[in-house]
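Working notes, beginning with the structure itself.
The values are calculated or read from the model by the stated rules, or taken from the named source; none is laboratory data. Given the structure is predicted, the values throughout are model-derived calculations rather than measurements. Don't worry about glycine lacking a Cβ; one is built from the backbone with ideal geometry, like all the others, and counts go over all protein chains shown.
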Amino acid sequence: MKLISTTLEDCFIIEPTIYKDKRGEFFESFNKRDLEKALGKSLSFVQDNHSISHRGVLRGLHFQTGDKTQAKLVRVLKGEVLDVVVDLRKESPSYRKSFKTILSEKNNQMLFIPKGMAHGFLSLEDDTVFLYKCDEYYDKESESGIIFNDPDLNINWGFPSDKIVLSEKDRKLPRLKDLKV
């Protein structure tokens, strides 16, 4: 496993070691001991979430607040996404900065997202299967988010805005400047 730093503090791309031969390929998609050693911190994932999305579906930018903040380990099992993270930790040198990367079934990369960050992804292919491990249970009272096209964040999703498909809930998310985080 290889840990690759991103522009956001404590947020890492993880490349698994892939073994290929005439039969195909094999890799460990999750190894708690190795990941904890690489990150230098203890992890305890308690919930796995799967989503299946059509091309153009954007989910996010989501996060939980208070004692229910979540660290996540995300990956694509099938298809491809543009994955975006925004640092909401006021004490962080990367506060209010965003990072984006392509996660796909072809590159097998994962992204570790520490507590205190908003996360979203745009499905770039039909039937994209996205998996994320969370270290805290979903809590409706703690859920929050930021509108994907917040002009203060200026995230280029690389996709025509009129073709992006949002849930009604995500369409109503506030701008970052209107949140108390």
Discussion item. Looking at the range 149-181 only, could you name the residues that are touching a Ser or Thr at 6+ places or on another chain (Cβ under 9 Å) and surrounded by 11 or more Cβ atoms within 10 Å (Cβ to Cβ)?
Written reply: Asn149, Leu153, Ile155, Val165, Leu173, Pro174, Leu179, Val181
Worksheet item: How about the range 82-118: which of its residues are touching a Gly at 6+ places or on another chain (Cβ under 6 Å) and not charged (D, E, K, R)?
Response: Val84, Leu88
Item to complete: Please give the number of the condition Glu25 fails out of (1) in contact with a Phe, Trp or Tyr (Cβ under 8 Å, 6 or more places away or on another chain); (2) loosely packed, with under 13 Cβ neighbours inside 10 Å; (3) part of a loop (DSSP other than H, G, I, E, B).
Response: (3)
Practice prompt. Among the residues of the range 153-177, write down those that are in a helix (DSSP H, G or I), more than 14 Å from Val57 (Cα to Cα) and among the charged types (D, E, K, R).
Written response: Lys177
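Which one of these is farther than 30 Å from Pro160 by Cβ, surrounded by fewer than 19 Cβ atoms within 10 Å (Cβ to Cβ) and modelled with pLDDT under 95: Phe45, Phe30? Walk me through how you get there before you give the answer.
Values: Phe45 fails: modelled with pLDDT under 95.
Just one listed residue meets the conditions, Phe30.
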Discussion item. Being surrounded by 14 or more Cβ atoms within 10 Å (Cβ to Cβ) and under 12 Å from His119 (Cβ atoms) is the requirement here; does Val76 meet it?
Written reply: no
Worksheet item: Looking only at the range 150-181, which residues are over 16 Å from Tyr95 (Cα atoms) and touching a Phe, Trp or Tyr at 6+ places or on another chain (Cβ under 8 Å)?
Response: Trp157, Ile164, Leu166, Asp170, Leu173
Worksheet item: Can you name the residue in the range 1-58 that is within 24 Å of Asp139 (Cα to Cα) and among the small types (Gly, Ala, Ser) and is also farthest from the chain's Cα centre (by Cα) among such residues?
Response: Ser42
Practice prompt. Name the residue, out of Arg55, Arg75, Arg33, that is part of a strand (DSSP E or B) and of a type in the set (Lys, Arg).
Written response: Arg75
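Restricting to the range 58-72, name every residue that is basic (Lys, Arg) and either assigned to a strand (DSSP E or B) or over 21 Å from Lys180 (Cα atoms) (or both). Reasoning before the result, please.
Let us first name the residues in the range 58-72 that are basic (Lys, Arg), namely 59, 68, 72.
Correct list: Arg59, Lys72.
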Worksheet item: From the list Leu122, Leu88, Leu131, Leu103, which residue is surrounded by 20 or more Cβ atoms within 10 Å (Cβ to Cβ) and under 26 Å from Thr17 (Cβ atoms)?
Response: Leu103
Fill in: Residue pairs meeting the criteria (Cβ under 7 Å; at least 6 apart or on separate chains; first under 14 Å from Arg59 (Cβ atoms), in the range 124-152; second among the basic types (Lys, Arg) and surrounded by fewer than 16 Cβ atoms within 10 Å (Cβ to Cβ))
Thr128/Lys78; Val129/Lys78; Ile146/Arg175; Ile147/Arg175
